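*Asks:* Provided herewith is a single structure, encoded as structure tokens, for subsequent inquiry.
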Amino acid sequence: MTRTIFAGGIVYDGTTGRPAPGDVVVEDGRIVDVGTGLDGDVAVDCSGGYLSPGFMDCHVHVTLDNPSQMRIIETPFSLQFFSAAANLRKTLDAGVTTIRDAGGADLGVKEAVDRGMIPGPRMQISIIMLSQTGGHGDDWSICGGDVPFFLPHPGRPSGLVDGPDEVRRRVREIIRAGADVIKVATTGGVLSPHDDPRHAHFRDAEIAVMTEEATAAGIHVMAHAQGAGGIKAALRNGVRSIEHGIYLDDEAIEMMLQAGAWLVPTLHAPRAVIAAAESGLPIPASAVDKARSVADAHADSVRRAHEAGVRIAMGTDCGVGAHGSNLEELELMEQAGMSPLDTLHATTGSAAELLDVATDRGTIRPGQRADLVLVDGDPDNVTKLGDRVRAVFLDGVEVSRRAD
Ligand SMILES: [Zn+2]
């Protein structure tokens, strides 16, 4: 068996522990040894850089590309699957080796990666976001017709649902279609023109059914939740992660600590909406205004949650922003008061725990899958991190290397 040694660099192990110089030995796709003075048959030179567990983005949409209503209308239905292949490649090149798709990707997209037909990160999929009538996922427009963000198809049931009985059946249909996680919008959002991010959506009885059915199937629920009311409703009913979490009050933070829930901030997303509008994309003015008004409140919520000790996992909402720009999120998390090491932990070990894959990957220690990223520089600096990813490895095999 060939022993590959990653030698001459610093090892960041995916925890909050201090990085240190060291070697990592990989055999048959798994890490078998971590230490100093190790040997191997084949060497990967890590000098001038550090080795990290492969990065994880817990909130992406690989079938989306800077969506606007006009763009959706003008995009052929099946183009989304080819776009997904291109976006998965960009994501992997960025150093992201595991993603959780927060809506859009169906089982075929995941299977194409699993079967090696297209290169991409390992995936967990939610398929579609559950939304109440008038909620963040309701496609109805004031023209009277639907502008379908995620057109329902055999692999992707509609997410529009009202009342506990309908919710139960729909959650079962989404699980049947292959979901690894159930996604719900418990508040309005930024990109949808006719709802408000501060309003709570779904009542407790409906959310309780979602977590009940997910738990029965051995999976978790993630909630798009921006206003405090909808965040608390999600937490009261057993949701595992709060996505966005723009308006967190002290009670919501306390509830997150009690529940052991994660915050997936996606600071990247509102900035991407503003940047897209400024570059001339036809984003509705209402969405741009909402994006501007949330940016400061959002960073403040992340700061207070982090100070209180809430678990944080990295997520970007890429698809709203550009695929492959995922690692910009770490700089934004740092600006919101997290140390560089905390942002790396959110993107490796902490994310792996949220995704329930921590016994397989997310840290560098013997027995773990050798999904690895080699980064120039040192782990105490996450500025322009995306430009410094030198090489990416899945199961110890190089799948991407930056052209110099
Ligand atoms: Zn999203």
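The values are calculated or read from the model by the stated rules, or taken from the named source; none is laboratory data. Please read these numbers as outputs of a predicted model, since none were measured by experiment. Ideal geometry is used to build each Cβ from the backbone, glycine not excepted, and the neighbour counts take in all protein chains shown. Ligands, DNA and RNA are stripped out before the accessible areas are found, and what is left, the full protein with its side chains, is counted by its heavy atoms. Shrake-Rupley method; radii C 1.70, N 1.55, O 1.52, S 1.80 Å.
*Asks:* Out of HIS199, PHE150, THR187, whose Cα points farthest toward the positive end of the dipole of the stretch 138-226 (charges: +1 Lys, Arg; -1 Asp, Glu; placed on Cβ)?
*Replies:* PHE150
*Asks:* Taking the Cα centre of the stretch 167-216 as the origin, how large is its charge dipole in debye, to the nearest 20, when only Lys and Arg (+1) and Asp and Glu (-1) carry charge on their Cβ atoms? Walk me through the numbers before you get to the answer.
*Replies:* Numbers: 8 positive and 8 negative charges, 34 e Å.
Taking the Cα centre of the stretch 167-216 as origin, the dipole is about 160 debye.
*Asks:* Mean separation of Cα pairs under 8 Å and 6+ residues apart, divided by the residue count of the chain: what relative contact order is that in percent?
*Replies:* Working: 983 pairs, mean separation 83.0, N = 404.
Here the relative contact order equals 21 percent.
*Asks:* Have a look at the DSSP beta bridges in the chain and tell me what percent are antiparallel, nearest 5.
*Replies:* Working: 29 of 62 bridges.
Antiparallel bridges: around 45 percent, rounded to the nearest 5.
*Asks:* In the stretch 69-116, which chymotrypsin sites (Phe, Trp or Tyr not before Pro) fall in coil by DSSP and have 16 or fewer other Cβ atoms within 10 Å? Each step should come with its number before you reach the end.
*Replies:* On the way: sites: PHE77, PHE81, PHE82; in loops: PHE77.
For chymotrypsin sites (Phe, Trp or Tyr not before Pro) across the stretch 69-116 that sit outside H, G, I, E and B with at most 16 neighbouring Cβ atoms in 10 Å, the list reads PHE77.
*Asks:* Under 10 Å, Cα contacts only: if you run a Gaussian network model on the chain, which one of ILE182, ILE142, ILE364 comes out with the highest mean-square fluctuation?
*Replies:* Of the options given, ILE142 has the highest mean-square fluctuation.
*Asks:* Taking a ≥ b ≥ c as the square roots of the eigenvalues of the Cα gyration tensor of the stretch 249-394, is the shape rounded (a/c under 1.5), prolate (a/b larger than b/c) or oblate? Each step should come with its number before you reach the end.
*Replies:* On the way: a/c = 2.01, a/b = 1.26, b/c = 1.59.
Note, shape of the stretch 249-394 comes out oblate.
*Asks:* Residue farthest toward the positive end of the dipole of the chain, with Cβ of Lys/Arg at +1 and Asp/Glu at -1: which of SER47, ALA352, GLY103?
*Replies:* Value computed over the given set: GLY103.
*Asks:* Any idea what the relative contact order of the stretch 214-298 is, in percent, if you count C-alpha pairs under 8 Å spaced at least 6 apart? Walk me through the numbers before you get to the answer.
*Replies:* Working: 111 pairs, mean separation 20.8, N = 85.
Relative contact order of the stretch 214-298: 24 percent.
*Asks:* When ligands, DNA and RNA are left out and all protein chains stay put, how many square angstrom of accessible area per residue does the stretch 79-151 have with a 1.4 Å probe? Mind dumping the intermediate values first?
*Replies:* Values: 2800 Å² over 73 residues.
Value returned for the stretch 79-151: 38 Å² of accessible area per residue.
*Asks:* Here's something else I'd like to know. Determine the per residue accessible area of the stretch 215-295 with all protein chains present and a 1.4 angstrom probe, expressed in square angstrom.
*Replies:* Accessible surface, normalised per residue, equals 35 Å².
*Asks:* Assign unit charges at the C-beta atoms only (+1 for Lys and Arg, -1 for Asp and Glu), then state the dipole size of the chain relative to its Cα centre in Debye, rounded to the nearest 20.
*Replies:* On the way: 36 positive and 57 negative charges, 94 e Å.
Using only the charged Cβ atoms, the result is roughly 460 debye.
*Asks:* Further question: Relative to the first principal axis of the alpha-carbon coordinates of the chain, what is the inclination of helix 204-216, with its axis defined by its Cα atoms, in degrees from 0 to 90 and to the nearest 10?
*Replies:* Helix 204-216 sits roughly 40 degrees off the main axis of the chain.
*Asks:* Angle, helix 285-308 long axis vs. longest principal axis of the chain, Cα atoms, 0 to 90°, nearest 10?
*Replies:* That helix lies at roughly 50 degrees to the long axis.
*Asks:* Round to a whole angstrom and tell me the spacing of the C-alpha centers of the stretch 259-293 and the stretch 31-102.
*Replies:* Cα centroid of the stretch 259-293 versus Cα centroid of the stretch 31-102: 21 Å apart.
*Asks:* Normalising by the residue count of the stretch 1-111, find the relative contact order in percent from Cα pairs under 8 Å and 6+ residues apart.
*Replies:* Numbers: 179 pairs, mean separation 28.2, N = 111.
Across the stretch 1-111, relative contact order equals 25 percent.
*Asks:* A follow-up question, please. Ordering LYS183, LYS90, LYS384, LYS110 by accessible area with a probe of 1.4 Å, largest first, what comes out?
*Replies:* On the way: LYS183 5, LYS90 100, LYS384 125, LYS110 35 Å².
Reading off the accessible areas and sorting them downward yields LYS384, LYS90, LYS110, LYS183.
*Asks:* Using Cα atoms only, what is the angle between the long axis of helix 164-176 and the major principal axis of the chain, expressed in degrees (0 to 90) to the nearest 10?
*Replies:* In the chain, helix 164-176 runs at an angle near 30 degrees to the longest axis.
*Asks:* Starting from the Cα of GLU74, step 7 Å along the direction of its Cβ; do the same at ALA20; then give the gap between the two resulting points in nm.
*Replies:* Going by the 7 Å Cα→Cβ label model, 5.7 nm.
*Asks:* Turning to a different aspect of this structure: Pop out the carbon and sulfur fraction of the accessible area of the chain as a percent, whole number, probe 1.4 Å. If you can, show how the numbers build up before the last one.
*Replies:* Details: 7960 of 15440 Å².
Here carbon and sulfur together make up 52 percent of the probe-accessible area.
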